[in-house]
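One structure is given below, encoded as structure tokens.
The values are calculated or read from the model by the stated rules, or taken from the named source; none is laboratory data. As the structure is a computational prediction, the values presented were derived from the model and not from experiment. Virtual Cβ from ideal backbone geometry, glycine too; neighbours counted across all protein chains shown. All accessible areas refer to the heavy atoms of the entire protein, side chains included, with ligands and DNA or RNA removed. Shrake-Rupley method; radii C 1.70, N 1.55, O 1.52, S 1.80 Å.
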Amino acid sequence: MSREIRPAIVLVVALTLITGLIYPLAITGIAQVLFPRQANGSLIAQDGKVVGSALIGQLFTADKYFHGRPSATTMPDPNDATKTVGAPYNAANSGGANLGPTNKALIARVADDVKKLKAENPRVPVPIDLVTTSGGGLDPHISPAAAFFQVPRVAKARKMPEDRVRQLVMQHVEGRVFGLLGEPRVNVLALNMALDSATAR
């Protein structure tokens, strides 16, 4: 019997070392050498201080900033651990709302958001990504249409010419990966940082 058990134990230990220790350490080491910025979270720094990540959205609510997609991420309610409360862009709890298209709460929230956005810019149709959440709830990007939609509000709040704000948006449009994967997009944090720099001059 020991002839059968011994090889099984050796195999379990060997595979545990290979897949649980050697492989992760090797991949981490390769990533740190070849892609150090991405391996460390694609952090964005300003004046030597980390202000966010290029991969995780942030909640911007002031009129002078471009707003990202709505986020459905949550966190435990500090007053009742059996419940959750909204916590936009909570990286510890990535996920969508899982609400279906006939859900009354979702319909009411989207209708309310559309109404507010139409009041903000009545001449342009509301881009879908300004009223719908992404699957993970952490999306740091919006479509170029969603960014251009917000130009009048941001320009007015910052007392900047709309053409200057529109030009900043165009400078921050990222194309498709390798020219064919994904859709053109705008990183909201990078755009807002550029806005702050432009108005600080």
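Of note:
- Filtering the stretch 141-169 to residues that are without any contact (Cβ under 8 Å) to a residue 12 or more places away in the chain and open to solvent by 50 Å² or more (accessible area, probe 1.4 Å) leaves 159, 161, 162, 163, 167.
- Given (1) open to solvent by less than 50 Å² (accessible area, probe 1.4 Å); (2) touching a strand residue (DSSP E or B) at 6+ places or on another chain (Cβ under 9 Å); (3) within 30 Å of residue 160 (Cβ to Cβ), index of the condition residue 121 fails: (2)
- Residues that are surrounded by 10 or more Cβ atoms within 10 Å (Cβ to Cβ), among the hydrophobic types (A, V, I, L, M, F, W, C) and in a strand (DSSP E or B) do not occur anywhere in the stretch 13-33.
The rows are residues; the columns are (1) out of contact with any Gly (no Cβ under 8 Å at 6 or more places or on another chain); (2) on the phi < 0 side of the Ramachandran plot; (3) of a type in the set (Lys, Arg).
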position: 106; (1), (2), (3): no, yes, no
position: 115; (1), (2), (3): yes, yes, yes
position: 124; (1), (2), (3): yes, yes, no
position: 137; (1), (2), (3): no, no, no
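- Number of the condition not met by residue 124 [criteria: (1) under 23 Å from the mean Cα position of the chain (by Cα); (2) aliphatic (A, V, I, L, M); (3) within 17 Å of residue 66 (Cβ to Cβ)]: (1)
- Qualifying positions in the stretch 44-92 - without any contact (Cβ under 8 Å) to a residue 12 or more places away in the chain and either open to solvent by less than 70 Å² (accessible area, probe 1.4 Å) or more than 24 Å from residue 135 (Cβ to Cβ) (or both): 45, 47, 48, 49, 50, 77, 78, 79, 80, 81, 82, 85
- Residue that is farthest from residue 58 (Cα to Cα) [pool: residues in the stretch 34-43 that are in a helix (DSSP H, G or I) and open to solvent by 70 Å² or more (accessible area, probe 1.4 Å)]: 34
- Matching residues, the stretch 13-37, being closer than 20 Å to residue 55 by Cβ and small (Gly, Ala, Ser): 31
- Counted residues, the stretch 170-201 - those being in a loop (DSSP other than H, G, I, E, B) and open to solvent by less than 70 Å² (accessible area, probe 1.4 Å): 5
- So residue 98, is it open to solvent by 40 Å² or more (accessible area, probe 1.4 Å), under 19 Å from the mean Cα position of the chain (by Cα), farther than 18 Å from residue 59 by Cα and modelled with pLDDT under 90: yes
- Among the residues of this structure, residue 105 does not count as one that is open to solvent by less than 50 Å² (accessible area, probe 1.4 Å) and assigned to a helix (DSSP H, G or I).
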